[in-house]
Amino acid sequence: MELSSLELLEYPELKALIARHISSTPARRILDALEPGTDRPALENALAETSEARILLDGAAGQKGASIRFSGLPEVDQGLGRLGIEGASLDGKEIYDLLQWLDRAVEIRSVIQGAGDRFPLLAKRAAALADLRTILRGIAGKLHPNGTLTDHASVALERLRRGMERQRSQIQQSLERFLRQHKDEGILQDDFVTIRGDRFVIPLVAGAKSKVPGVIHGSSGTGATLFVEPMDTIVLNNELVRLAEQEMRECHRILLELTETLREHTPAIRNTVHTLAGLEFVFAKARFARQFHCVTPHFGERLHLDAARHPVLEDVLRREGKKVVPASFTMDRENRTLLITGPNTGGKTVTMKTAGLLTLMAQSAIPVPCEDAEFPVFDQVLADIGDNQSIAESLSSFSSHVKHVGQMIRSATRDSLVLLDELGRATDPEEGGALGVAVLERFREIGAFTLGSTHLLSLKVWGATHAGVVQASMGFNEQELTPTFQLLTGAPGRSAGLSIASKLGLPKGLIDRAREAMSTNERDIAGFLAELHRRLAEVKAKQAVVAEERVRQERETAKLREELQRQEEAKRAELEKRSAEALAKFERQAADLLAGIQERKSSDVMVRKLARAQAEFKHELQQAVAPPREIPKQTLVVDEGSRVRLRGIREPARVRRLLPNGDVDVEVGYMKMRVPYDDITELLPEGPTGPKLPANVTYTPGPAWDVVTKEINVIGQRAEEACDQVERFIDTAALASVDRVRIVHGHGMGVLKRAIGDLLRKNPLVTKHYAATPAEGGNGATIAELKEM
């Protein structure tokens, strides 16, 4: 594309709008290098990818947690450059910044691939993000955000820093003793300890140097204060300096070690940064599309725009609280010339710029701000807009205009889009009109799509008398003498120059004289165009009424359809209700009949005896094949409705039903379960629940299981404390027949995760455990499946 056309159509300003949604330098470089292309499959793929990003953003806006964040990614160019130099060491901040990119890559990769079935193009791009969580875990906790190493970066560093802290404390104490001893001698300028050149010193009066043996490390600006290191603390300070040098060497060793760890994965890190920057650019386009209510354009044989808006103009007007008037038109290979006429300041140039810029946007795989759009894939967009007068090249407005049009004619092809503003301007109207007709005819012969604007009568007549030319005009309000900025296709428009001049404040007498100076033919044509536009407005108004009536009828039809659907659903619901009542009645009758049959065959006592006999048989069989366990000394006789105590459960239970197979259905609080008969350890009297306790002892029931919550969060707790909580949580969940729970422990150094894993492996209630899916927290959480009770 011609650079001059990109600038004329405000392509750089468009990039600036998209740049508002980009934070990282690599992504901004991708945007800076963006240019319109002509590879249709690549453009369609990139637009589809942007569409996926927009859908993902729209979905994330209504959900908590599932978000795509690119903000806050630091500058890493220098760090990546030094990473490629063998033997070079990165400083702590460079390492920390690279880790920020790797950590964000893991996060975004997890979110996108978690929805990969719905967003295959984004998932394919995200798959190129390296999963370097092993490196992240290995370096985690060793660096502060400012790049300094933490005390735990190595054992040696922690030992050195503890030693330095002790040494500083000793020096501080020694100097404070010195200050106390000499407080009343008049030799101290201030009673505090300070630091000069990494050594602890005290401020002395300049004349008292001879009274305090030591080393002078500097003086105040006035010379009234000397900063002296007493002889008693020189050895201590020397030791502190030695420790500091050792700490510096250890820090350098650690940073070099961390650099080498990253250097082993340099290609993967570079590719991850590039891929993540590409994703940020895609999502920046998607956020731009959301902000300006854009649609994904289609590529075909037409140049079709429905309610198109110029994004740069819309951004300006938004800040002023105004709205853009959209433009709509259609061109194809049969009608490939659009001639726009109408009043000055009426929007002709904006309409052409909108068509040109939206074409560039589509061929840059950027969604366009309109209701619907279709574009041919143009090999170039050629624009002559505005006054190209050049003093440096001694070109007048007309000369510059003609020179540029000549270059466009030589460059244009059948697959070009040509934009010509104010054809034949800056010269005699008759000659300019003739030249404009010749230029438009030439572009028609070439076959290029051409948009032109003019005030010249000869061009209006030419457009009205030649097939394949779409006439359009900008609207004008005759009552208020102001342009409406609406594009009306089907008829030429009048310039209304005198009306606008009057509106802009020229004297009435001057306007009247100008009207008298117009020829009769010019006045007749102006009147004809005004009448034509009036009638065209009436037709459009009637079309609007017809369209509104059609919409009203469609709403009425939809309303009737919904009413019929509601009636059908009501009838169906009534039938279902009657069927359910009939079925319930049948089930009650069948249950009564079966109960009568059972009552005649056996009594409740026989059912209980059968249950006890089956329980004893089951117990004897278990004793024969398994180690002996403590059993009740005698078999308890219970009835349905009895209050009992169960083995391993502290809360009293209520017997709901005795089963023939020896099991018993019981109810413990709000929980129902089935247990063997011999799990009943005690028959309880009716009355208040809970064991009888001494007068000075109170009884508080344990926490009930919340059936909604199936997870526990132990982040930030010590391993022993967390394991105790998890073990109690597993016991409670198993009693509540919960089959699957989530334990959130976070990433950290992995200590908490390992401790919980060991606990779950040993717990007999856990059948298996594994890391959570990305949507459930990934390696920051563990899923445990429990045995059925």
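The values are calculated or read from the model by the stated rules, or taken from the named source; none is laboratory data. Please read these numbers as outputs of a predicted model, since none were measured by experiment. No Cβ is skipped: glycine too gets one built from the backbone with ideal geometry, and neighbour counts run over all protein chains shown. These accessible areas exclude ligands, DNA and RNA; they are computed on the full protein's heavy atoms, side chains included. Shrake-Rupley method; radii C 1.70, N 1.55, O 1.52, S 1.80 Å.
Quick one: in the stretch 651-709, of everything that is among the basic types (Lys, Arg) and modelled with pLDDT under 80, which residue is least open to solvent (accessible area, probe 1.4 Å)? Steps first, please.
Of the stretch 651-709, the ones among the basic types (Lys, Arg) are 654, 656-657, 672, 674, 692.
Right, trim to modelled with pLDDT under 80 and you get 672, 692.
Numbers: LYS672: 117, LYS692: 199 Å².
So, considering only residues that are among the basic types (Lys, Arg) and modelled with pLDDT under 80, the one least open to solvent (accessible area, probe 1.4 Å) is LYS672.
Every listed requirement among (1) part of a helix (DSSP H, G or I); (2) open to solvent by 20 Å² or more (accessible area, probe 1.4 Å); (3) over 18 Å from ILE715 (Cβ atoms) is met by SER737 save one, (1). The conditions of being farther than 30 Å from LEU90 by Cβ, within 30 Å of the chain's Cα centre (by Cα) and of a type in the set (D, E, K, R) are met by ARG287. The set of residues in the stretch 318-342 being closer than 16 Å to ARG302 by Cα, in contact with a helix residue (DSSP H, G or I) (Cβ under 9 Å, 6 or more places away or on another chain) and of a type in the set (Lys, Arg) consists of ARG336 alone. Entry remark, the stretch 288-327: residues being buried (at least 18 other Cβ atoms within 10 Å of the Cβ), touching a strand residue (DSSP E or B) at 6+ places or on another chain (Cβ under 6 Å) and among the small types (Gly, Ala, Ser) number 2 in total.
If I ask for residues that are in contact with a Gly (Cβ under 9 Å, 6 or more places away or on another chain) and open to solvent by 10 Å² or more (accessible area, probe 1.4 Å), which ones from the stretch 333-347 would you list?
Matches in the stretch 333-347: ARG333, GLU334, ASN335, ARG336, ASN344, GLY347.
Of all residues in the stretch 111-123, those that are assigned to a loop (DSSP other than H, G, I, E, B) have Cβ atoms under 7 Å from Cβ atoms of residues that are surrounded by fewer than 19 Cβ atoms within 10 Å (Cβ to Cβ), 6 or more apart or on another chain, in GLY116/ALA123. The conditions of being among the aliphatic types (A, V, I, L, M), open to solvent by less than 60 Å² (accessible area, probe 1.4 Å) and touching a strand residue (DSSP E or B) at 6+ places or on another chain (Cβ under 6 Å) are met by LEU8. Scoring LYS753 on the criteria (1) in contact with a helix residue (DSSP H, G or I) (Cβ under 6 Å, 6 or more places away or on another chain); (2) within 20 Å of ALA140 (Cα to Cα); (3) modelled with pLDDT of 85 or more leaves a single failure, condition (1). Inspection of the stretch 259-279 identifies at least one residue that is open to solvent by less than 20 Å² (accessible area, probe 1.4 Å) and within 23 Å of THR38 (Cβ to Cβ).
Selection of the stretch 159-192 for residues being touching a Pro at 6+ places or on another chain (Cβ under 9 Å) and either under 11 Å from GLU229 (Cα atoms) or surrounded by 16 or more Cβ atoms within 10 Å (Cβ to Cβ) (or both) yields SER174, LEU175, PHE178, LEU188, GLN189.
Per the listing ARG444, ARG494, the residue uniquely closer than 23 Å to SER411 by Cα, under 51 Å from the mean Cα position of the chain (by Cα) and either surrounded by fewer than 20 Cβ atoms within 10 Å (Cβ to Cβ) or at pLDDT below 75 (or both) is ARG444.
Inside the stretch 740-752, can you point out the residues that are assigned to a loop (DSSP other than H, G, I, E, B) and either hydrophobic (A, V, I, L, M, F, W, C) or without any contact (Cβ under 8 Å) to a residue 12 or more places away in the chain (or both)? Outline the logic, then answer.
First, the residues of the stretch 740-752 that are assigned to a loop (DSSP other than H, G, I, E, B): 745-750.
Result: MET749, single match.
Pairs are defined by a Cβ separation below 8 Å, a sequence spacing of at least 6 or placement on different chains, a first member in the stretch 307-319 that is of a type in the set (Lys, Arg), and a second member that is part of a loop (DSSP other than H, G, I, E, B) and open to solvent by less than 20 Å² (accessible area, probe 1.4 Å); the pairs so defined are ARG309/PHE292; ARG309/PRO369; ARG309/CYS370. The residue pairs whose first member lies in the stretch 131-142 and is closer than 15 Å to VAL751 by Cα, whose second member is open to solvent by less than 30 Å² (accessible area, probe 1.4 Å) and modelled with pLDDT under 90, and whose beta carbons are closer than 7 Å, counting only pairs six or more residues apart or on different chains, are ARG137/GLY750.
Given the criteria among the polar types (S, T, N, Q), in contact (Cβ under 8 Å) with a residue 24 or more places away in the chain, open to solvent by less than 40 Å² (accessible area, probe 1.4 Å) and under 30 Å from PHE378 (Cβ atoms), does SER24 qualify?
Working: among the polar types (S, T, N, Q): yes; in contact (Cβ under 8 Å) with a residue 24 or more places away in the chain: yes; open to solvent by less than 40 Å² (accessible area, probe 1.4 Å): yes; under 30 Å from PHE378 (Cβ atoms): no.
Here the answer is no, as SER24 does not meet what is asked.
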